[in-house]
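Encoded as structure tokens, the structure appears first; notes follow it.
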Amino acid sequence: MPYDGSCHCGAVTFTVDADTPTQALSCNCSICRRKGLLLTFVPRSAVTIRGEEALREYLFNTHKISHRFCTTCGSETFAFAQTPDGGEGCAVNLRCVPAVDLAALEIQHYDGASR
Ligand SMILES: [Zn+2]
């Protein structure tokens, strides 16, 4: 069943056409640790965005991941990147999805800092 998310101020809302995840990836890289991102990965085509004009892009390092955050409230709702098979992927920040019980998520730790 699709699930909805939003930035904090509500300027950006989105719907993900996938089942509500029970797992999330927590990464220790320089940006994930600072933003506290809890991520799930879906094809970009599965994400419908409203209010996209409120988003700004943040790029760093190799510029391969397009981090998107709300210019009003600063929430990073998701990031876009090419998947290993060459498709367009989206990493959804589950902290922006109210229907997800964060405490119940099975967390997979990823050592992004060492890559
Ligand atoms: Zn916002």
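So is G86 at positive phi, within 16 Å of the ligand (Cβ to nearest atom) and either part of a strand (DSSP E or B) or not hydrophobic (A, V, I, L, M, F, W, C) (or both) or not?
Details: at positive phi: yes; within 16 Å of the ligand (Cβ to nearest atom): no; either part of a strand (DSSP E or B) or not hydrophobic (A, V, I, L, M, F, W, C) (or both): yes.
When the stated conditions are applied, G86 does not pass them.
Those residues that are under 12 Å from the mean Cα position of the chain (by Cα), of a type in the set (A, V, I, L, M, F, W, C) and crowded, with 21+ Cβ neighbours inside 10 Å, I need them from the range 51-78; list them, please.
Of everything in the range 51-78, those that are under 12 Å from the mean Cα position of the chain (by Cα), of a type in the set (A, V, I, L, M, F, W, C) and crowded, with 21+ Cβ neighbours inside 10 Å turn out to be F69, F78.
Being away from the ligand (no atom under 16 Å from the Cβ), at pLDDT 95 or above, in a helix (DSSP H, G or I) and open to solvent by 70 Å² or more (accessible area, probe 1.4 Å) is a property that holds for R34. Among residues of the range 61-81 that are within 17 Å of G51 (Cβ to Cβ) and of a type in the set (F, W, Y), those with a beta-carbon under 7 Å from a residue that is away from the ligand (no atom under 16 Å from the Cβ) and open to solvent by 40 Å² or more (accessible area, probe 1.4 Å) at least six positions away or on a different chain give the pairs F80/R44; F80/E88. None of T48, T40 is at pLDDT 95 or above and open to solvent by less than 70 Å² (accessible area, probe 1.4 Å) except T40. If you go through the range 1-17 and pick out every residue that is crowded, with 17+ Cβ neighbours inside 10 Å and more than 16 Å from the ligand (Cβ to nearest atom), you end up with 2.
In the range 38-54, the residues that are touching a residue at least 24 places away in the same chain (Cβ under 8 Å) and farther than 17 Å from T22 by Cβ reach residues that are open to solvent by 80 Å² or more (accessible area, probe 1.4 Å) and among the hydroxyl-bearing types (S, T, Y) with C-beta atoms within less than 8 angstrom, at least six apart or across chains, in these pairs: A54/T71; A54/T72.
The values are calculated or read from the model by the stated rules, or taken from the named source; none is laboratory data. The structure presented is a predicted model; accordingly, all values stated were derived computationally and were not measured. No Cβ is skipped: glycine too gets one built from the backbone with ideal geometry, and neighbour counts run over all protein chains shown. All accessible areas refer to the heavy atoms of the entire protein, side chains included, with ligands and DNA or RNA removed. Shrake-Rupley method; radii C 1.70, N 1.55, O 1.52, S 1.80 Å.
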